[in-house]
Amino acid sequence: MSSNLVGQAPKPMSARKRLFGKERDWPKAALIGGAIAYLFLVLFIPTLNIFIQAFSEGVGPFLDNLTDPAFTHALKLTVLIALIVVPLNTVFGLCAAWAITRHKFPGRAFVISLLDVPFAVSPVVVGLMIVLLYGRNGWFDPLLKATDIKIIFAFPGMVLATAFIAMPFVAREVIPVLEEAGTDQEQAARTLGASDWQIFWRITLPNIRWGLLYGVILTNARAMGEFGAVAVVSGNIARKTQTLTLFVEDAYKQYQTQAAFSAAVLLAGLAAVTLVLKEILEYKTKIREVE
Amino acid sequence: MSVLVKDVSKQFGSFLAVDQVSLEIKSGSLVALLGPSGSGKSTLLRLISGLEVPDSGQIWLTGKEATYQSVQDRNIGFVFQHYALFKHMTIRQNIGFGLEIRKAPKAKIRQRVEELLELVQLQGLGNRFPAQLSGGQRQRVALARALAAEPRVLLLDEPFGALDAKVRKDLRTWLRRLHDEVHVTTIFVTHDQEEAMEVANEIVVMNQGRIEQVGTPAEVYDQPASPFVMSFIGPVNVLPNTTEIFQRNGHRAQAPHSQVFLRPHDVVIQTSPGKDLAPAKVNHVVHLGWEVQVELVLTDDQVVTAHLPRERFNQLQIQPRQRVYIKPKQVKSFSLDYLSGDGYVDQIGSVRGVWLILTDTYSYESALKQALEVAQHSNAALKGVFVIDPEATAEIVNELEDKGWLSSGALPTLQTSLLEGYHTLATNVLEKVQHQAFQAGLAVVETAIAEAPLEDYVRGLLSQRGAVVIVSGAKALVARLGELSRQVEFIEETPRVGQHQRV
């Protein structure tokens, strides 16, 4: 009886295996098809639509839109904010990542979760918080009035809001890279006579450069694309406190669909550049890992 | 002397990693720090390198104090277990890093890097990145990098730990040869006793943050200073002294419960009964290459492992379950029980030195006689006398000198007295003795301790450390303590003799 079973065992097993293999193709195809369809619907068609709308009346009007003073001002403002926020957050993110990975201090876990606050809080709420702090009747209102510094409905407020929103990216990207690199190489450099400053520039930084660059790119993307918080803080005054995203919304609301889509094309272009950079970085990192 | 470690301690939280360690390493030697994990060997190495700062004690490098000198200024070479090569630099850049930091001229760096590439046999690989090399090659690059700036000391932390067995074996021989060529003082950490024996000229055996023994590979194997060293270096049978094989041939100890250490290759096996031979049954035979391991069960169910050469094994034609007859060729015991009472002198194994504690003047003569006898018997020196009678110190030393027992001024004295009573006094003194004697790798013989708690204390101490303490006249002291306690202030003088272990 038992010897019979053993002898016959392989046949039904392999048959069942084949069956399973075929069955598995079904859900596989369905899942892939579903995912592609969803991507088309949610991502590809809307993006394509932006380009179609922007160029619906030809290239001429599109270029006109790009030379509109309100638009150029918004573009300048967006770039300026990014130029301030990105270096600021990069330095802060590096310091935070270094402190968190290289030191054990009380409240370390708290600092790590604090880094995630900008992810968790809705940008509109962030804008509101800043208004409540620096706006009329806010905590710092007396001080601001006395020194005649304007923050709300002005450039400093927009920088503050963007800095808050784009804060975690560098630290979040650098922490795992720093942890993975460990302290061995830094210690080795010390035994070879390198000072702390030399160790940072020649050992630590080269080791984390790809992670750091990736963090910088994400920070930049977030800073340029930010809408909610900046909308609340800036007051959205054309040619004064209007960033590109605000310009898009404003133009659309005033039925200047074409202008809105033209600006959107530029934003999408910026995003595409960011994406390409990110892909290149990921590819390079992968090559290094394989090495 | 190239490296001097003086009473160094290091604590991590509540864990005492290095406990009052003193060590002296001669210039140009190749030393292994050997011990199980957690024995403090790596921490000691990192303390020497400056990567850790000691809580107390001093570290000297090539005759200069370096205790608080920064790692950067110490000019040491350090090799890490996982290589720690700079991943983003080529092999050449890695090796040249130290020289570049020191702002050496470019041409000189280039020349030195080529020299080192040749030394570690990696010519032609200079432009590769670390990730493109094998583990063994990477470790050789790490070595070249550490040697580039001509360090005062080369320190290696488990250098072969991450490599596979074959490569490890090759690298060991290679390191040995490299040291013959370069001659830089080298200290390496390992938990592998075979590796330590093969590579080093001196082995420092560590356990629980302390040094157990310092000696050549032959010394630590043939004359282990403690049960720990005996069992850590090479295989050993640990048997109660009541075991039949010891009863039959005079190795029998006098007190019960003490342990006897027997190396597997010191077991003599014969197929026919005879004088001194105890019957045993063969349980198991394992072929280890040129040696054969035989597991034997004695009539009292004690299991003994024996190693014998293949030739001898073939001669005897031993089969499992066969009855054979065995005897020990040589045994070792470290127990206090083994040594106490009359005739103990005959049974002392290896004693590296004797320290005498005199608690009063009445009995010093006989105590000293005993101490000298022990010392003579075991070819060790009487290394120190502790006198715990402050009033009589000078007197005793003078008398000892007059009688020709002491060479003038050669022996340090320790004067001490405590105000709390006998136990505290004795315990404190013993702690000091333990401390200094162990630091110096000495043994001390105990004879006349009557009080039970103290005896337990010494017993515990001996079972851990394998040391022997002589204390004389303890009882007489008790009577005199009352009057002494009020008059005497605590005086301590650290002995200078035998303070550091010489390597």
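The values are calculated or read from the model by the stated rules, or taken from the named source; none is laboratory data. As the structure is a prediction and not an experimental result, all values here were calculated from the model. Using ideal geometry, Cβ is built from the backbone for each residue, glycine included, and neighbour counts are taken over all protein chains shown.
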Residue B:121: more than 12 Å from chain A (Cβ to nearest Cβ) and either surrounded by 17 or more Cβ atoms within 10 Å (Cβ to Cβ) or part of a helix (DSSP H, G or I) (or both), yes or no?
-> no
Residues of the stretch A:178-188 being at the interface with chain B (Cβ under 7 Å from one of its Cβ atoms) and either of a type in the set (Gly, Ala, Ser) or outside any helix (DSSP H, G or I) (or both), which ones?
-> A:188
Candidates A:204, A:191, A:241, filtered to the one that is modelled with pLDDT under 90 and β-branched (Val, Ile, Thr) | A:241
Does at least one position in the stretch A:194-201 carry a residue that is in contact (Cβ under 8 Å) with a residue 40 or more places away in the chain and either closer than 30 Å to residue A:239 by Cβ or within 14 Å of chain B (Cβ to nearest Cβ) (or both)?
-> no
Looking only at the stretch B:169-228, and only at residues there that are in a helix (DSSP H, G or I) and of a type in the set (S, T, N, Q), the one that is surrounded by the fewest Cβ atoms within 10 Å (Cβ to Cβ) = B:173
Residue satisfying all of: in the stretch B:315-339; touching an Asp or Glu at 6+ places or on another chain (Cβ under 8 Å) and surrounded by fewer than 19 Cβ atoms within 10 Å (Cβ to Cβ); modelled with the highest pLDDT among these = B:329
Here the residues within the stretch B:267-281 that are over 35 Å from the mean Cα position of the chain (by Cα) and at pLDDT below 90 are B:270, B:271, B:272, B:273, B:274, B:275, B:279
Take residue A:179 and decide whether it is charged (D, E, K, R) and buried (at least 21 other Cβ atoms within 10 Å of the Cβ).
-> no
Search result, residues across the stretch B:55-82 that are closer than 13 Å to residue B:144 by Cα and more than 8 Å from every other protein chain (Cβ to nearest Cβ) = B:79
Residue among A:217, A:237 that alone is touching a residue at least 60 places away in the same chain (Cβ under 8 Å) and either within 14 Å of another protein chain (Cβ to nearest Cβ) or outside any helix (DSSP H, G or I) (or both) | A:237
Could you check, for the stretch B:101-117, whether at least one of its residues is over 30 Å from the mean Cα position of the chain (by Cα) and at the interface with chain A (Cβ under 8 Å from one of its Cβ atoms)?
-> yes
Which listed residue is closer than 16 Å to residue A:263 by Cβ, surrounded by 12 or more Cβ atoms within 10 Å (Cβ to Cβ), among the small types (Gly, Ala, Ser) and at pLDDT 90 or above, from A:97, A:74, A:70 = A:74
Picked from the stretch B:84-100 (must be within 8 Å of another protein chain (Cβ to nearest Cβ) and surrounded by 20 or more Cβ atoms within 10 Å (Cβ to Cβ)), the residue nearest to residue B:153 (Cα to Cα) is B:98
